[in-house]
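In what follows, a single structure is set out as structure tokens and then discussed.
Readers should treat all values here as calculations from the given coordinates under stated rules, not as data from a laboratory. Just so you know, these numbers come straight off a predicted model, no measurement behind them. With ideal geometry, Cβ positions are generated from the backbone for all residues, glycine too; neighbour counts draw on all protein chains shown.
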Amino acid sequence: MRAQTRASVVSWRWATESMGGDIPFSQALYGGPRARWLRDESADPDNHVHHGLDAAGRIVLECERNRAETVWLYGENSKTGVSWYLGEDSSSLKTIDLYQYRDQHLISAQTHVPGRHMLRETFTWQDGLLVKSFCQTEPEAGEPWYCQHLFIHDAHRELERIVLQYTDADGVPSGQERLEYLRLPKGETLATVEKRVEAHFLDALPRALAAVPRDQPLYCLLLCYTAEDMASAWPPFLVWGQDAYRQQIAAQGEDISYYLWAPDEIREQQGQAYEYWFDAPELKNTCLLHAQLMGMKQSHASATRVLKRLIPAVARMVAEAGLPVTADFVVSYADNSGYVDPLKAIKAGVSPEHWTALKKQKFV
């Protein structure tokens, strides 16, 4: 199949990403930079995708960074994509995609990932606009689950926002939903949104600090994010460590500097009563915009800047709130997944004397 398809190619074009997929609003849903065609002299074979086109100008072959290859087969109102992982001595099946169309609109898409799951999606159009997609995910092991995306357009027929709803098999919403995409207002940039995230977070912080128990002193307050999926925990949520927990870890004497600053370990030992998730609409919506912009740039440097700037302001507000804290209390930020070592941020955020005191106690 791959050899026959390659023989039908009459021209080649480079692009930054795959141009073969047809899922509407995929960038809004899944982030990342917008795919664009490239001149041959601008292409990087190790990082870009080579597209083979047939005599009709259709994409029939995609070669992805010499590591995967996709063949596209066309039928009447349908298109099938078969992808392989390429190895030095062999290849293995990656995915099979089937798209079906009506009146030039995609009405269904199926993706089979061998050994993992089958994804079935149907699309509802009204007056030429996509208004809903319903998705059924069937894992190889376990029960299927269902959700739908609602696409809301403005009076000018431009996409304004996307709402995710979890549903049953018949598409009846369960009541659990969240905003997945929000169009960037005119005049807004990454820099302006970054500043608004910081301002809205500080506006919401007094309410969060009021929820912190005052029955014993705290040794830390951590602003927690998820490095591998920034949008899943942005705005950052709070986790605080009580001195009793620290003394317990110190008494055990093993991996002290890990357990004291790992949000998931603190949460597991202390429970959910010792964490706080922000729900202020303005903050959450601004953070959604922020995550979208960072996704387009494929960089979370902006979030790191926000976290660094927040630390001294949060420490000051903790003092103003009168929370009981230890003499060596630390405000810092930490990756909830443990992928990023938190000690570097802690050291950068405290004085040399403070760091020395923590190190002397073997807390860092």
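Kindly identify segment 1-98 as rounded, prolate or oblate by the Cα gyration tensor criterion: order the square roots of the eigenvalues as a ≥ b ≥ c, call it rounded if a/c is under 1.5, otherwise compare a/b with b/c, prolate if a/b is larger, else oblate. List each step's numbers first, then the result.
Numbers: a/c = 1.20, a/b = 1.09, b/c = 1.10.
Verdict is rounded for segment 1-98.
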- line: Along segment 205-217, Karplus-curve 3J(HN,Hα) (6.51, -1.76, 1.60; θ = phi - 60°) to the nearest Hz, with x for Gly and Pro, reads 5, x, 5, 5, 5, 5, 8, 6, x, 10, 7, 7, x
message: Taking 30 Å as R0, compute the FRET efficiency from the Cβ-Cβ separation of residue 107 and residue 227 and round it to 0.05.
response: 0.20
task: Please work out whether segment 278-364 counts as rounded, prolate or oblate from its C-alpha gyration tensor, where a ≥ b ≥ c are the square roots of the eigenvalues and a/c under 1.5 means rounded, while otherwise a/b larger than b/c means prolate and anything else oblate?
output: oblate
field: Cα-based shape type of the chain, given that a ≥ b ≥ c are square roots of the gyration tensor eigenvalues and the cut on a/c is 1.5
entry: prolate
Alpha-carbon centroids, segment 286-354 and segment 8-46: separation in whole Å: 36
query: Looking at 80, 151, 113, which one has the Cα that reaches farthest to the positive end of the dipole of the chain (charges on Cβ: Lys, Arg +1; Asp, Glu -1)?
result: 151
statement: GNM on the chain, Cα springs under 10 Å; top mean-square fluctuation among 109, 208, 56 goes to 56
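List the trypsin sites (Lys or Arg not before Pro) within segment 201-275 that DSSP assigns to loop and that have no more than 11 neighbouring Cβ atoms inside 10 Å.
Numbers: sites: 207, 214, 246, 267; in loops: 214.
For trypsin sites (Lys or Arg not before Pro) across segment 201-275 that sit outside H, G, I, E and B with at most 11 neighbouring Cβ atoms in 10 Å, the list reads 214.
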message: For segment 161-183 and segment 210-268, what is the centre-to-centre distance using only Cα atoms, to the nearest Å?
response: 32
query: Under the definition of Cα pairs under 8 Å and six or more residues apart, what whole-number percent is the relative contact order of segment 154-260?
result: 15
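Could you please report the charge total around residue 341, scoring K, R as +1 and D, E as -1 over all other residues with beta-carbon less than 12 angstrom from its beta-carbon? Numbers along the way, then the final one.
Numbers: positive: 344, 347; negative: 335.
Overall, the nearby charge balance is +1.
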field: Given the chain, longest segment not containing exposed loop chymotrypsin sites (Phe, Trp or Tyr not before Pro) (DSSP; at most 13 other Cβ within 10 Å)
entry: 1-276
- prompt: Can you flag which of 195/297; 284/308; 195/284; 132/297; 308/347 are past 21 Å Cα-Cα?
  reply: 132/297
message: Report the Cα-based extents of segment 115-183 along its three principal axes, largest first, to the nearest Å.
response: 44, 23, 21
